[in-house]
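Enquirer: Below you will find the structure I want to go over with you.
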Amino acid sequence: MYKIIKFFKSLKSIIIINSLIFFKKFFQKYKVVFFYFPVKSDPKSIFEFIEKLKNEEKIFIIAGYNFGSKNEIEDLSNSFFLDLGYLSFLYNLDIFISNYVVYKYPSSKSKIYINHDIYDTPMVDVAEEDGLIKSLINCNFIFLSSDIQIELINDKIENYLKRKKKVNNTKLINTGYLKLDYVSRQVENKSIVKNSILLAPTLSTMLQDFNISFFLADLIDEILKNSNLNLIYRPHPRDLYDLELKKNVEKINNRFSLNKKFFLDEKNSYIESYLKSKFLITDFSGTAYTYAFSTLNPVIFFSPNDEMLLKNNNNKNLYFFKDRDQIGSIMKNISDLNNKCNYIDSNLNKIEQDIFKLRNLKIKNYGNSLKQSALAINNILNDKV
């Protein structure tokens, strides 16, 4: 029944969308840009981008979503349900855009991937990397947030193409990070009491030998016993919408929910949790730098197998790991928690200044990503890239 519903809803959307494209392009002479939202996420920074493009002359925006992203996207104007497998039945688009990697594409003049990360965060396990790069090189353009990311993605693509003996036709553009700019505007000058520690690990299945999941319950227990602050536990989004992975989140919640200092954050947006927290504890989640650069608050990186982690896949060469000390501190043992918290309390001003300097050094288009992204779209539409 689920597949039948998906088929007929997608079929209806294909007919409407292709009719819209034909009318807007060939009768009204618009350029048609299609945004696709394949997974559940907080899309507000992309919504801002869409609104900015709507103000441009002769650009018509259509959005697509599936069951996973339905609640966030369906109220957007000109939005339609379209399952990922049916994208290839769309024709004559000028630009197709997604901020998540997809493995099927419609017929469009240009395909754009907006990377939703800020640093050279470890992307996937080595075994999955080729599949990711294979999908990325199907894009004509990739919008990236920093020169660090451009260096990382370019190296990954060039290495892949060299092994496959192919030519690189994908252009990498530093547009800044839409999400960082949006979050920064939401948190600046807000007078909310910071009475919490935010615990936000990476995906529980990501580099399982090194992530926080094995130690999670003990770490939460230690925080609740030894800190006067509340604890906000914010799982990775996929740990919430994947039914099997969510069982682990539910176990944690069942164990600690009676503690008045424990709060589980399942919201799409992490703005409120950012605002309430004095600092973040994570492992190697990309949220570390988004959090630090938007709030100027410190990060504690819990890394019990740090030496092995740095050796794994040459992680030691990534700026994500090189720069950790500039936005906070590294904790290798749960028993070090009090010492790390005291260090942060004693050095808040210095850490804030270090984060500010690092942000200015590494994020070229900070505060200007909307303008740069819209400019890139206009250049692409007018063949000026």
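Read the figures in this text as sums done on the coordinates, not as results from a lab. Only a predicted model underlies this, so the values are computations on that prediction, with no experimental measurement involved. Cβ coordinates were reconstructed from backbone atoms using ideal geometry, including for glycine residues, and neighbour counts include every protein chain displayed.
Enquirer: Using only the alpha-carbon atoms of segment 1-151 as identical scatterers, what base-10 log of I(q)/I(0) does the Debye formula give at q = 0.12 Å⁻¹?
Expert: Log-scaled intensity ratios, in q order: -0.52.
Enquirer: The chain: Rg/Rh from Cα coordinates, Kirkwood Rh?
Expert: 0.98
Enquirer: On a C-alpha basis, how far is the centre of segment 20-38 from the centre of segment 330-377 in Å? Whole number, if you could?
Expert: 40 Å
Enquirer: With a cut-off of 8 Å between alpha carbons and a minimum separation of six or more residues, what is the relative contact order of segment 187-362 in percent?
Expert: The normalised contact order for segment 187-362 reaches 25 percent.
Enquirer: Dipole of segment 187-362, Cα-centred, from +1 at each Lys and Arg C-beta and -1 at each Asp and Glu C-beta, to the nearest 20 debye?
Expert: My answer is approximately 340 debye.
Enquirer: Roughly how far apart, in whole Å, are the Cα centres of segment 51-107 and segment 209-231?
Expert: Here the two parts' Cα centres lie 40 Å apart.
Enquirer: Report the Cα-based extents of segment 242-313 along its three principal axes, largest first, to the nearest Å.
Expert: 38, 29, 23
Enquirer: Oh, and also: Given just the C-alpha atoms of segment 95-175, how large is their convex hull per residue in cubic angstrom?
Expert: Per residue, the Cα convex hull of segment 95-175 comes to 89 Å³.
Enquirer: With respect to the cross-link table entries Lys29/Lys70; Lys260/Lys332; Lys156/Lys371; Lys29/Lys166, which display a Cα-Cα separation exceeding 32 Å?
Expert: Pairs exceeding the cut-off: Lys29/Lys166.
Enquirer: First obtain the Kirkwood hydrodynamic radius of segment 120-273 from its Cα pairs, then insert it into the Stokes-Einstein equation at 20 °C and 1.002 mPa s, and state the resulting D in µm² per second as a whole number.
Expert: In µm²/s, the coefficient is 116.
Enquirer: Quick one: Karplus J couplings for segment 272-285, per residue in order, coefficients 6.51, -1.76, 1.60, θ = phi - 60°, nearest Hz, x for Gly and Pro?
Expert: 4, 5, 4, 5, 7, 9, 7, 7, 10, 10, 8, 10, 9, 6
Enquirer: Using Cβ contacts closer than 10 Å as the measure, can you line up Arg324, Arg234, Arg163 from fewest to most?
Expert: In order of increasing Cβ crowding within 10 Å: Arg163, Arg324, Arg234.
Enquirer: Same structure again: Any idea what the dipole of segment 310-385 comes to, in debye rounded to 20, about its Cα centre with Lys/Arg Cβ at +1 and Asp/Glu Cβ at -1?
Expert: Around 240 debye, computed over segment 310-385.
Enquirer: If you don't mind, another one. Under 12 Å from the Cβ of Gly85, count the other residues' Cβ atoms, weight Lys and Arg +1, Asp and Glu -1, and hand me the total.
Expert: Local net charge: +2.
Enquirer: Here's a follow-up. Which number do you get for Rg(Cα) / (2.2 N^0.38 Å) in segment 187-362?
Expert: Dividing the Cα radius of gyration by 2.2 N^0.38 Å gives 0.98.
Enquirer: Counting only other residues whose beta carbon sits under 13 Å from that of Gln326, what net charge do I get with K and R as +1, D and E as -1?
Expert: Combined, the nearby Lys, Arg, Asp and Glu give +2.
Enquirer: Another one. Please state the shape class of segment 301-385: rounded when a/c is under 1.5, otherwise prolate if a/b exceeds b/c and oblate if not, all from the C-alpha gyration tensor.
Expert: oblate
Enquirer: Take the alpha-carbon centre of segment 251-273, take the same for segment 159-187, and report the distance between them in whole Å.
Expert: Going from one Cα centre to the other spans 32 Å.
Enquirer: Could you give each residue of segment 313-318 its phi-based ³J(HN,Hα) in whole Hz, using Karplus coefficients 6.51, -1.76, 1.60 with θ = phi - 60°, and x for Gly or Pro?
Expert: My calculation for segment 313-318 gives 6, 6, 4, 4, 8, 7 Hz in order.
Enquirer: Hey, another quick one. Out of residues 5 or more away from Lys364 or on other chains, whose amide H comes under 5 Å of its own, with H placed 1.01 Å from N in the peptide plane?
Expert: Asp147
Enquirer: Moving on to the next point. What order do you get for Ile363, Ile380 when you list them from fewest to most C-beta neighbours inside 10 Å?
Expert: So the ranking, lowest neighbour count to highest, is Ile380, Ile363.
Enquirer: How would Ile21, Ile118 line up from fewest to most surrounding beta-carbon atoms within 10 angstrom?
Expert: Ascending number of Cβ neighbours within 10 Å: Ile21, Ile118.
Enquirer: State to the nearest 20 debye the size of the charge dipole of segment 7-73 about its Cα centre, where the only charges are +1 on K and R beta carbons and -1 on D and E beta carbons.
Expert: It works out to roughly 280 debye.
Enquirer: Residue farthest toward the positive end of the dipole of segment 187-362, with Cβ of Lys/Arg at +1 and Asp/Glu at -1: which of Leu258, Asn360, Ile220?
Expert: It is Asn360, whose Cα lies furthest towards the positive end.
Enquirer: For segment 138-214, list log₁₀ I(q)/I(0) at each q in 0.14 Å⁻¹, using the Debye formula over Cα point scatterers of equal strength and ignoring solvent, two decimals each.
Expert: At q = 0.14 Å⁻¹ the computed log10 ratios are -0.79.
Enquirer: Take every DSSP beta bridge whose two residues both sit in segment 187-362, then give the antiparallel share in percent to the nearest 5.
Expert: About 0 percent, rounded to the nearest 5.
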